[in-house]
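**Student:** What follows is a single structure, and I will ask about it in a moment.
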């Protein structure tokens, strides 16, 4: 991954002419923007653990450099009058870095303010994670907290319309450094630290001006859409096989949206509870090599066992499969780190996990075959085009389609590519990073996985109504990972020996 480009960009002169002042949301971005609603918050987050409290001024300077390197962090979404055109990303004249970067005090459950635990952090961040963003501002925030122990933590929360998991990595790359070294001038000051920019005045253009502009955008979008349709018709007319492939794609989309797997879960709420654990990464690599699959197969196998065990504990032995959404990154291999850019360039494949299969090796092989089949389906390549087509529909219809389609999902599992070298933020070494992914309306839990500095960090986001015993599920998941490794003949240290 290219994690050094942030320094090159941050040190370039600030030239507003290089920044896009206004651009429409892509079909994927728009799906998350319009799909975000009380039953379906599209928020993702990363909890970064630091070895000590970061220097306050350097933390603010690091975030200012990140905003300079990733302009989307100071852009808001602006709707067109009467929804005549797509919403657009536009620079926020009232942007205030101090609104987005905050520090909270955190007390230990027993009142010891000096030694908050990781569990204290998880408990405190659940209500923060579930609250909606101010949709008139840039859609992110960074919260600093004390703990765990003598360390510190940063909770970075981001609306999914801004970026997917890999795009979020671009922002993390822009925030962090490869070392804790900071160049200074003869006075000891950081020469790249900018002076505080005061927020500007609210920019409210007249309705007439906005209407004229929206009509122009509607014409542009209509022309682009007509050109795309004409190209598609020409392809279908000149290639009979394209008809068959198009039919497979449409059939798969309709089938996925209407798919229902029997589930005993009926009650769902809005409260979100966060938790997680970590595992050494090398044994996972060894097990993957021995079993002959991919890392995603290994992870899905462990999740399937834990989800099945949780159902069996609650008396639902008859549930044998769970429809699972697995996001797939569509960026080329070279586009990682800051080079990935923000925005959403991913699709999701629907995989039925055999949660009733108790043999870990048999479960792994079955999941591997199902994932290969789903990844090879032509819908994976064409789903972004489907998202662009949906963007032409009215907002209410898009929201309905989004909600209806997500109701088929019972489980979300996402593996975000991380980095295996240590990173630093504002002079403090990052010692851990727990990712969190959003839920769907009929999905009791999402599992996000992130590799960092030799460890796999597993972040769990659970619906407090559907899965009040989320801590027990986390224990089941950690146990299932260890049992799978043992079945593959890989040794791993007992639980509790991981680095803090």
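**Student:** If I go through the range 436-460 residue by residue, how many of them are farther than 13 Å from residue 280 by Cα and out of contact with any helix residue (DSSP H, G or I) (no Cβ under 7 Å at 6 or more places or on another chain)? Walk me through it before giving the result.
**Tutor:** Taking the range 436-460 first, the residues farther than 13 Å from residue 280 by Cα are 436-448, 459-460.
After this cut, where a residue has to be out of contact with any helix residue (DSSP H, G or I) (no Cβ under 7 Å at 6 or more places or on another chain) as well, the list is 437-439, 442-444, 446, 448, 459.
The total comes to 9.
**Student:** Residue check: is residue 466 touching a strand residue (DSSP E or B) at 6+ places or on another chain (Cβ under 7 Å), outside any strand (DSSP E or B) and touching a residue at least 24 places away in the same chain (Cβ under 8 Å)?
**Tutor:** So residue 466 does not fit the description; no.
**Student:** Checking the condition modelled with pLDDT of 75 or more, within 30 Å of residue 223 (Cβ to Cβ) and crowded, with 16+ Cβ neighbours inside 10 Å, which residue from 398, 351, 380, 371 passes?
**Tutor:** Matching residue, one of 398, 351, 380, 371: 398.
Residue-wise test of (1) modelled with pLDDT of 95 or more; (2) in a helix (DSSP H, G or I).
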| position | (1), (2) |
| --- | --- |
| 254 | no, yes |
| 266 | no, no |
| 273 | yes, no |
| 276 | yes, no |
| 279 | yes, no |
| 301 | yes, yes |
| 304 | yes, yes |
| 311 | no, yes |
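**Student:** Of the numbered conditions (1) surrounded by fewer than 23 Cβ atoms within 10 Å (Cβ to Cβ); (2) farther than 22 Å from residue 319 by Cβ, residue 416 fails exactly one; give the number of that condition.
**Tutor:** Residue 416 satisfies every listed condition except (1).
**Student:** Now for a different question. Checking residue 288 against (1) farther than 30 Å from residue 468 by Cβ; (2) in contact (Cβ under 8 Å) with a residue 60 or more places away in the chain; (3) more than 21 Å from the chain's Cα centre (by Cα): exactly one of these is not met. Which one?
**Tutor:** (2)
**Student:** Considering only residues that are crowded, with 23+ Cβ neighbours inside 10 Å, over 13 Å from the mean Cα position of the chain (by Cα) and closer than 22 Å to residue 28 by Cα, which ones fall in the range 139-162?
**Tutor:** 139
**Student:** I've got another one for you. Within the group 62, 66, 45, which residue is buried (at least 21 other Cβ atoms within 10 Å of the Cβ), over 30 Å from residue 412 (Cβ atoms) and either in contact with a strand residue (DSSP E or B) (Cβ under 7 Å, 6 or more places away or on another chain) or modelled with pLDDT of 90 or more (or both)?
**Tutor:** After ruling out the rest, the residue left standing is 62.
**Student:** Within the range 73-86, work out how many residues are part of a loop (DSSP other than H, G, I, E, B) and either modelled with pLDDT of 95 or more or buried (at least 20 other Cβ atoms within 10 Å of the Cβ) (or both).
**Tutor:** So the count comes out to 2.
The values are calculated or read from the model by the stated rules, or taken from the named source; none is laboratory data. Predicted model only: the values in this text are computed from it and were never measured. Virtual Cβ from ideal backbone geometry, glycine too; neighbours counted across all protein chains shown.
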